[in-house]
Structure formats: C-alpha cells, structure tokens
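Nothing in this text is a laboratory measurement; each read-out follows from the coordinates by a stated rule. Computed from a predicted structure; not experimentally measured. Please note: Cβ atoms are built from the backbone with ideal geometry, for glycine as well, and neighbour counts cover all protein chains shown.
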C-alpha cells in the first residue's frame, strides 16, 4: 500500500496512548501543586482554617493529622481556643 502525498498515515495506538499518559501525568502534577498550595494556605492562615472547618472539616482534619504525624503539635488546640474566644 502506498500513500499519496495527500493521504495521512493512520495514527498508531502508541501515539494515542502516549498522549493519554502525558495527560494523566500532567493532571497528577497539577494535583500535587494544588494540594501543596492548599497546605501552605492552611498552614499560614487561621482564618482560612476556620473557613475550611466550616465547609470542609474532613480536609482540615487531614491537615491536623499530617502536622501531628510530622511532629508539629498544638495547632488544633490553638485554633479551637482562638475560635472559642471569638464567638
């Protein structure tokens, strides 16, 4: 089978699989950066942690657990104390 100059060769499955793989890798890297950004925001702002407590308490719980696993204690208690004084 010969191709004329105006016909394109059919795409191989390998090139399609490669594009899908690159897309998955891109989404995973974007997810890691988003998670890190969320961690930095929660780590630096008690007000933001209060918002997270109101709307997504499970995410805030993961933040507290991650800090406790890394040896940083007292953030949860300090937040609860500050929030109870504010109300």
Report summary line: If one builds a Gaussian network model of the chain from Cα atoms under 10 Å apart, the most fluctuating residue listed among 46, 76, 18 is 18
Report summary line: Residue separation between residue 85 and residue 45 times 0.36 nm, minus their alpha-carbon distance, gives in nm 12.7 nm
Report summary line: Read-out Rg and Dmax of the Cα atoms in Å, candidates [x] 24.5, 82; [y] 23.8, 81; [z] 17.5, 76; calculated match is [y]
Report task. Grab the Cα-Cα distance for residue 18 and residue 34, subtract it from 0.36 nm times how many residues apart they are, and report the gain in nm with one decimal. Result -> 3.3 nm
Report summary line: In degrees, nearest 10, the alpha-carbon axis of helix 75-86 is tilted away from the dominant principal axis of the alpha carbons of the chain by 60
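Could you line up 49, 86 from fewest to most neighbouring Cβ atoms inside 10 Å?
Numbers: 49 22, 86 8.
Ranking 49, 86 by Cβ neighbours within 10 Å, fewest first, gives 86, 49.
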**Report entry** Residue order, fewest to most surrounding Cβ atoms within 10 angstrom, among 83, 69
**Finding:** 69, 83
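How much length is gained if the chain between residue 76 and residue 58 is pulled fully straight, taking 0.36 nm per residue apart and subtracting their Cα-Cα distance, in nm to one decimal?
Gain on extension, residue 76 to residue 58, equals 5.2 nm.
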Requested in this report: Would you order 16, 51 from fewest to most other beta-carbon atoms within 10 Å of each residue's own beta-carbon?
Outcome: 16, 51
Report summary line: Taking Rh as the Kirkwood radius computed over alpha-carbon pairs of the stretch 46-87 and applying Stokes-Einstein at 20 °C with viscosity 1.002 mPa s, one gets a diffusion coefficient in µm² s⁻¹ of 204
